[in-house]
Amino acid sequence: MVRTGANIVIESLCRNGTETLFGYPGGAVLPIYEELYRNSYRLRHILCAHEQNAVHAADGYARTTGRPGVVIATSGPGAANLVTGIATAGLDSVPLVVITGNVSVPLLGKDSFQELDITSVTRGITKHNFAVNSPCELSRVIDAAFHIALDGRPGPVLIDIPKNVQNESCQEEDESSPLYFTRKRPLPALDALIRMLCESSRPLIYSGGGIISGRAWGELEELANRIDAPVVFSMMGLTAMRSSHPRNGGMCGMHGTALSAELLKKCDLILALGVRFSDRASGNCEKFREGKKIIHIDIDPSEINKNVSADIGITGSLKSVLTELLKTLPRQSRPEWQQFHKSIKLKNVPAEIKTLVPENLFPAVAKYCDEDCVIVTDVGQHQIWTMHYYPFKTPGSLLTSGGLGTMGYGLGAAIGSSVARGGKRTLLFTGDGSFGMSLQELATAVSQKLPLLIIICNNGVLGMVRQWQTMFYDQHYSHTTLNRQTDFPALARAFGAEGKKITTLEELDSALQDLAPDRPTVLDCRLDKDEWALPIIPPGGSIEEMITEKKGI
Amino acid sequence: MEKFTVELTAANSCGVLHHISGVYAKCRINIDALTFAPEAESELAVMQVTSKGNESVRTHLLKLLLKLYDVKSVTLTQPK
Ligand SMILES: Cc1ncc(C[n+]2csc(CCOP(=O)(O)OP(=O)(O)O)c2C)c(N)n1
Ligand SMILES: [Mg+2]
């Protein structure tokens, strides 16, 4: 059979299970868009307002479904706009297949109109990228891209397709395969690990994004019960256990809980699962590991001994290693360690106040959201407050930009996640700064009739940066006060969404009681500009230096 | 800092050197010498890359190179 490159793209996407893709058209992808037109009965294309948000949407779709998100953009500016989204997905290990058009092969290298060497631009932020030169490469390159996106540690793969390749035809029997190599690893022996665990008096499980992306939360809970140990989380791993679980020790790291810091100080062994000991999560690595044994299990061999040297390092998928471990790991009991966890947990109960402050805002919103609701955040203080105050109930229900910390991630990701769940309500906590970076995407949420609940934590400032200026730069508020007059509720209405200004808990409560079922609602929640995200460990510091209260300011 | 040489077998395809040198660039390691030759009657190429770095730098670099999908094998040939 003879098919055009553009047709091969569509066939290959469908063959690899794609039902929905996000994108934005342009000259260099017109042949593919023509095929999308013809194939709209089997492939849903969501037209976004900006390519960056289209990648965030594909990312939200992927994190929600566990399948690669697919995004398409034109050459030049379209491709360039993808960069932040691809980098965001890469650092959080999210599988994506990104398709870009390019100018035709004879025009490449000549600074042609809208020519961009996007494979060079994305070399450092993709897991792999392909520059396609012939329609006969396309079918197998796309298969390979889906395979690589999910192989081992997930990540984004980009395919750059010149326009003539989309237009030209290929006979099926002439199709060629790209040359690439994958590595299978045998499951390692676990005897030494079991011995070390059994010898420990105070083991602590440190669980990360690998547990979420490997969907190994069931195994994690069984393991914690089996060895009678508390669990602390990196931001990316936070929802693996419900917030109210008795073994949950909260988030650790720069903005971790005091409870997790106490557990980290006291433990004699850290069993690190699917974490990368990022500087944000571990702070000063030398101090972090002092006096402790470390067992590190991760799917990516380059993570072992990268930031923290491990006494035992094991490479493998969390799901398979933990399943294997649980077959032989003896049940253990550590009543004193349990007692210690319980005693410090009580000390961390927050005080009761009745105003619109972060401690109250997040639980109040949670009351109106289903247990399986997906919660998305942007980046800033509101992101940290979400981690501390939202009562998470469902594993994998939090989407946040942990690795790159991308302001503007939230709205696109919320759209992608809602689409993935058949248009269900998705909750977005954003900041006035972050929302300003992506708000044009309200247009997409409206056109797709998505009932997003968007809570703007509007403090009038770039709160997180301002907080650092307060703490470490003598309150020199250099360009962090927004001084904007944006009327977010009116803006929401201009887009065709609902919008309300909220200044009290009562107003919040009543607004949440009547949410539109078929369009987004924006609640502009006014918070004090001097609220802090606490605790905080100063950059480069250790858990001993944790600041838990706003003092002297 | 010690001199070291890595031998790689990789796909002999457009962009492969960019992927490999990109890993060096990301780790801020300068490439002092580079040889590249196609393997006879195959789609593969063999290259030797010489640079400088201590043991922990080398170990991490080798792991990163092995993650590239167009690289088949990576061996540290010097120091042995
Ligand atoms: C794209 C991008 N630019 C800059 C930053 C640096 N940054 C981190 S948090 C922050 C402030 C965020 O402000 P806002 O969204 O209002 O959240 P708040 O901290 O006030 O809750 C900034 C500027 C970033 N993370 N991402
Ligand atoms: Mg703000």
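Here are the numbers for this structure:
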quantity	calculated
Lone unmet requirement of (1) open to solvent by 50 Å² or more (accessible area, probe 1.4 Å); (2) away from chain A (no Cβ under 11 Å) for B:SER13	(2)
Meets criteria (open to solvent by 10 Å² or more (accessible area, probe 1.4 Å) and touching a residue at least 60 places away in the same chain (Cβ under 8 Å)) for A:ALA131	no
Test: residue in region A:533-551 that is open to solvent by less than 50 Å² (accessible area, probe 1.4 Å) and within 16 Å of A:PHE429 (Cα to Cα)	yes
Any hit, region B:25-40, residues being under 12 Å from the mean Cα position of the chain (by Cα), at the interface with another protein chain (Cβ under 9 Å from one of its Cβ atoms) and open to solvent by 20 Å² or more (accessible area, probe 1.4 Å)	yes
Filter pass, A:LEU427 being in the same structural domain as A:CYS457 (by TED's automatic domain parsing), closer than 13 Å to A:GLY60 by Cβ, within 16 Å of ligand 2 (Cβ to nearest atom) and not basic (Lys, Arg)	no
Residues being under 32 Å from the mean Cα position of the chain (by Cα) and more than 11 Å from chain B (Cβ to nearest Cβ) - total across region A:122-140	3
Pairs, first under 19 Å from A:ILE212 (Cα atoms) in region A:270-294, second among the polar types (S, T, N, Q) and open to solvent by 80 Å² or more (accessible area, probe 1.4 Å), C-beta under 6 Å, six or more apart	none
All positions within region A:254-311 that are surrounded by 24 or more Cβ atoms within 10 Å (Cβ to Cβ), assigned to a loop (DSSP other than H, G, I, E, B) and under 18 Å from the mean Cα position of the chain (by Cα)	A:GLY256, A:GLY274, A:VAL275, A:ARG276, A:PHE277
3 or more residues more than 14 Å from chain B (Cβ to nearest Cβ) and touching a residue at least 40 places away in the same chain (Cβ under 8 Å): qualifying strands (runs of 3 or more DSSP E) within region A:155-231	A:169-171, A:203-207
Those residues of region A:45-75 which are of a type outside the set (A, V, I, L, M), open to solvent by less than 10 Å² (accessible area, probe 1.4 Å) and touching a Leu at 6+ places or on another chain (Cβ under 8 Å), in sequence order	A:ASN53, A:HIS56, A:ASP59, A:GLY60, A:GLY69, A:SER75
Residues satisfying the stated conditions in region A:391-417, i.e. open to solvent by less than 10 Å² (accessible area, probe 1.4 Å) and over 15 Å from the mean Cα position of the chain (by Cα)	A:PHE392
Complete set of residues in region A:466-491 that are within 9 Å of ligand 1 (Cβ to nearest atom) and either touching a Phe, Trp or Tyr at 6+ places or on another chain (Cβ under 8 Å) or touching a residue at least 40 places away in the same chain (Cβ under 8 Å) (or both)	A:ARG466, A:GLN467, A:LEU482
Residues that are within 14 Å of chain B (Cβ to nearest Cβ) and either within 16 Å of ligand 1 (Cβ to nearest atom) or touching a strand residue (DSSP E or B) at 6+ places or on another chain (Cβ under 8 Å) (or both), drawn from region A:70-94	A:ALA87, A:GLY90, A:LEU91
Failed item in (1) in a loop (DSSP other than H, G, I, E, B); (2) more than 26 Å from A:ALA131 (Cα to Cα); (3) not hydrophobic (A, V, I, L, M, F, W, C), with B:GLU41 passing the rest	(2)
Failed condition for B:LEU44, given (1) of a type in the set (A, V, I, L, M); (2) free of Cβ contacts under 8 Å to residues at least 40 places away in the same chain; (3) more than 11 Å from chain A (Cβ to nearest Cβ)	(3)
Residue check, A:THR504 out of contact with any strand residue (DSSP E or B) (no Cβ under 7 Å at 6 or more places or on another chain) and within 16 Å of ligand 2 (Cβ to nearest atom)	no
Conditions (1) modelled with pLDDT under 95; (2) crowded, with 17+ Cβ neighbours inside 10 Å; (3) not basic (Lys, Arg); number of the one not met by A:ASN483	(2)
Residue list for region A:156-214, restricted to those being under 28 Å from A:LEU271 (Cα atoms), more than 33 Å from the chain's Cα centre (by Cα) and not hydroxyl-bearing (Ser, Thr, Tyr)	A:ASP191, A:ALA192, A:ARG195, A:CYS198, A:GLU199
Failed item in (1) farther than 30 Å from A:GLY237 by Cβ; (2) out of contact with any strand residue (DSSP E or B) (no Cβ under 7 Å at 6 or more places or on another chain); (3) open to solvent by less than 30 Å² (accessible area, probe 1.4 Å), with A:THR119 passing the rest	(2)
Members of region A:55-79 found to be of a type in the set (A, V, I, L, M, F, W, C) and in contact with a helix residue (DSSP H, G or I) (Cβ under 7 Å, 6 or more places away or on another chain), listed by number	A:VAL55, A:ALA57, A:ALA58, A:VAL70, A:VAL71, A:ILE72, A:ALA73, A:ALA79
Complete set of residues in region B:64-79 that are within 9 Å of another protein chain (Cβ to nearest Cβ) and either open to solvent by less than 50 Å² (accessible area, probe 1.4 Å) or part of a strand (DSSP E or B) (or both)	B:LEU64, B:LEU68, B:TYR69, B:ASP70, B:VAL71, B:LYS72, B:SER73
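The values are calculated or read from the model by the stated rules, or taken from the named source; none is laboratory data. Remember, predicted model here, so these are calculated numbers, not experimental data. Cβ atoms come from the backbone with ideal geometry, glycine included; neighbour counts cover every protein chain shown. When the accessible area is computed, the model is the full protein with side chains, heavy atoms only, and any ligands, DNA or RNA have been set aside. Shrake-Rupley method; radii C 1.70, N 1.55, O 1.52, S 1.80 Å.
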